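Step one of this worksheet: look at the structure below.
The values are calculated or read from the model by the stated rules, or taken from the named source; none is laboratory data. Remember, predicted model here, so these are calculated numbers, not experimental data. All Cβ positions, glycine included, derive from the backbone under ideal geometry; neighbour counts span all protein chains shown.
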Amino acid sequence: MNLTVVGTGYVGLVTGACFAEMGNTVYCVDVDGEKIARLKQGIIPIYEPGLERIVQSNFKEGRLRFTTSLAEAMADSNVYFIAVGTPPGEDGSADLRYVLGVADEIGRHLGDYAVVVNKSTVPVGTADKVRQAIEDQLAQRGVAHPFDVVSNPEFLKEGAAVDDFMRPDRIIIGSDSERAGEVMRLLYADFSRNHDKIMVMGVRDAEMTKYTANAMLATKISFMNEIANLCDKLGVDVEKVRLGIGSDSRIGYSFIYPGCGYGGSCFPKDVSALIHMAEQNQLFPLVLQSVHQRNMFQKLLMGEKITTRFGQDLSGKTFALWGLAFKPGTDDLREAPSIVLMHQLIGCGAKVQAYDPIAMDAARRELPRAWFENGSLTLAEHQYDALKGADALALVTEWKPFRHPDFGAMKRLMKSPIIFDGRNQYDPTRMETEGFEYFGIGRGKKLAGPGPACG
Ligand code: UDX
């Protein structure tokens with residue numbers, strides 16, 4: 001099939017490259033001419049394992065094409081994916097200006113029958129708005145070409161996006177038209193070979209499925225984080241509790257790892273958008289609001305543990321920070337807990353020496369310039385360099401190279417052997433034997449005094 005994917009961000013680029021890998025001809029369209037020029041040279045704008053290879057090979061084979069012209073792409077294809085951003089507006093609602101802008105342009109160029117697919121995460125009812133925008137353009141042109149709008153949400157995880165696309169758990173197709181449903185079934189048949197993973201449902205059902213999946217996962221995390229904070233107070237090890245409850249198949253082991261809060265481009269944004277949708281419909285989304293608030297507090301927790309241990313004035317102190325990305329396997333800093341922690345530490349006068357295996361360039365680009373200029377933040381070449389002269393280490397992202405470090409070498413490098421572990425990577429008893437003062441999340445260790453207010 002010949003396809004067009006509008007937007008070359010995470011979702012668009014992975015979608016385009018994976019469909020091309022299956023033999024389709026795919027036009028990837030973006031308004032950013034520089035990005036398109038770099039993609040043509042095989043330079044991909046994000047770190048995503050496996051993506052570079054399939055982008056480069058499919059481009060070479062001519063199956064993957066890059067252009068800034070939607071009209072050119074549309075002239076040679078009849079399925080148009082909208083995969084542009086839906087950033088949160090000031091009130092938490094999803095900003096649809098880019099999605100509807102693409103819909104307008106599709107309406108200006110639409111010829112033969114086409115299926116317009118919403119891949120972006122969009123509020124329930126957006127497909128109707130997209131349909132209306134296209135119809136308005138057709139009316140202005142005085143033509144009446146047939147088309148259908150389909151919702152096909154993605155469930156890609158950053159760091160595993162190519163694999164998730166190639167071997168999905170499920171493929172959700174929201175379509176109110178049999179014709180469009182058939183086109184989508186055909187397109188996705190190759191990704192659904194072992195057993196039928198395709199679920200066709202109403203357009204609004206599909207739109208809601210996406211938000212509900214992300215909000216459910218965020219709820220599991222926030223719930224566990226709250227339990228972990230209670231465990232600290234009660235002298236209970238949340239890791240034992242996690243294993244104890246995960247063994248119940250109704251609960252399961254996944255997404256119940258407590259930590260210093262969830263980040264990324266999806267969970268915070270989607271929970272906020274769902275809250276907004278509920279409020280607009282005169283509901284009080286008490287659970288969702290709590291999920292969101294717990295996460296905001298959870299991101300403050302490590303910083304508060306540190307100031308409880310060291311005092312509010314951190315001037316003259318240096319903290320090593322392991323992990324900047326919001327999770328391992330990506331260089332994405334969006335909504336990362338590391339950023340909140342750095343604001344707290346630097347705000348209290350401390351210096352930070354940070355290291356991340358992949359996100360160093362992103363950090364140089366995106367973190368406040370002033371931190372680098374006034375020496376508050378230094379990026380270390382190596383994970384051990386970050387420890388030199390540090391009063392404590394804060395582990396924020398659970399990258400694999402942090403799992404089994406040389407604790408002896410760490411102790412020699414650090415000024416004092418203290419670890420604040422935001423991802424429960426180490427065993428508290430072992431850390432004690434190794435001679436470290438160790439603070440995990442919910443490992444049953446009470447801090448002196450009233451403890452962190454945000455717990
Ligand atoms: C998420 C969804 O998983 C994916 O299906 C959707 O398409 C996009 O949003 P992603 O943002 O890439 O994917 O990250 P994910 O792996 O889900 O992790 C999100 C955050 O939750 C990370 O900050 C992670 O550290 C945190 N997390 C995850 C926990 O704190 N505890 C857990 O048990 C699991």
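Can you say whether I106 is within 16 Å of the ligand (Cβ to nearest atom), assigned by TED's automatic domain parsing to the domain that holds M74, β-branched (V, I, T) and under 19 Å from F19 (Cβ atoms), as far as the supplied structure shows? Spelling it out, it is not the case that I106 is within 16 Å of the ligand (Cβ to nearest atom), assigned by TED's automatic domain parsing to the domain that holds M74, β-branched (V, I, T) and under 19 Å from F19 (Cβ atoms). Pairing each residue of segment 254-267 that is near the ligand (Cβ under 6 Å from one of its atoms) with any residue that is of a type in the set (S, T, N, Q) and part of a loop (DSSP other than H, G, I, E, B), provided the two are 6+ apart or on different chains, yields C-beta distances under 8 Å for Y257/N424; G259/N424; C266/T121.
Checking every residue in segment 170-190 against the condition of being within 16 Å of the ligand (Cβ to nearest atom), surrounded by fewer than 14 Cβ atoms within 10 Å (Cβ to Cβ) and part of a loop (DSSP other than H, G, I, E, B) gives at least one match. Here T429, T378 are screened, and the one residue that is in the same structural domain as K351 (by TED's automatic domain parsing), hydroxyl-bearing (S, T, Y) and either assigned to a helix (DSSP H, G or I) or within 16 Å of the ligand (Cβ to nearest atom) (or both) is T429. Within the option set D196, D205, D163, D232, being out of contact with any helix residue (DSSP H, G or I) (no Cβ under 6 Å at 6 or more places or on another chain) and assigned to a loop (DSSP other than H, G, I, E, B) holds for one residue only, D196. Does at least one position in segment 35-56 carry a residue that is under 25 Å from K129 (Cβ atoms), surrounded by 23 or more Cβ atoms within 10 Å (Cβ to Cβ) and not charged (D, E, K, R)? Checked segment 35-56: no residue is under 25 Å from K129 (Cβ atoms), surrounded by 23 or more Cβ atoms within 10 Å (Cβ to Cβ) and not charged (D, E, K, R). Out of the residues in segment 381-396 meeting the condition of being under 16 Å from P337 (Cβ atoms) and out of contact with any Asp or Glu (no Cβ under 7 Å at 6 or more places or on another chain), tell me which one is farthest from the ligand (Cβ to nearest atom). Per the stated criteria, the residue is L393. Can you pull out the residues in segment 114-168 that are within 16 Å of the ligand (Cβ to nearest atom), more than 20 Å from T8 (Cβ to Cβ) and of a type in the set (A, V, I, L, M)? Hits for segment 114-168: nothing passes. Restricting attention to segment 81-127 and to residues that are acidic (D, E) and out of contact with any helix residue (DSSP H, G or I) (no Cβ under 9 Å at 6 or more places or on another chain), the residue that is surrounded by the most Cβ atoms within 10 Å (Cβ to Cβ) turns out to be D95.
In the set (1) touching a Leu at 6+ places or on another chain (Cβ under 9 Å); (2) not in a strand (DSSP E or B), E52 fails one condition alone, (1). Once segment 204-228 is narrowed to residues that are among the charged types (D, E, K, R) and more than 30 Å from E239 (Cβ to Cβ), the residue that is nearest to the ligand (Cβ to nearest atom) is K210. Condition first: among the hydrophobic types (A, V, I, L, M, F, W, C), under 12 Å from H109 (Cα atoms) and assigned to a helix (DSSP H, G or I). Now tell me which residues in segment 130-151 satisfy that. Matches in segment 130-151: I134, L138.
Quick test of your reading of the structure: M216 fulfils all but one of (1) outside any helix (DSSP H, G or I); (2) out of contact with any strand residue (DSSP E or B) (no Cβ under 9 Å at 6 or more places or on another chain); (3) hydrophobic (A, V, I, L, M, F, W, C). Name the failing condition by number. Going through (1) outside any helix (DSSP H, G or I); (2) out of contact with any strand residue (DSSP E or B) (no Cβ under 9 Å at 6 or more places or on another chain); (3) hydrophobic (A, V, I, L, M, F, W, C) one by one, M216 breaks only (1). A search for C-beta distances below 7 Å between a residue of segment 367-394 that is in contact (Cβ under 8 Å) with a residue 12 or more places away in the chain and any residue that is surrounded by 18 or more Cβ atoms within 10 Å (Cβ to Cβ) and part of a loop (DSSP other than H, G, I, E, B), counting only pairs 6+ apart in sequence or on different chains, returns L377/L367; A386/A380; L387/M414; A390/M414; D391/K317; L393/M414; A394/G422.
Report yes if some residue within segment 283-290 is on the phi > 0 side of the Ramachandran plot and part of a loop (DSSP other than H, G, I, E, B); otherwise report no. Looking through segment 283-290, none of the residues is on the phi > 0 side of the Ramachandran plot and part of a loop (DSSP other than H, G, I, E, B).
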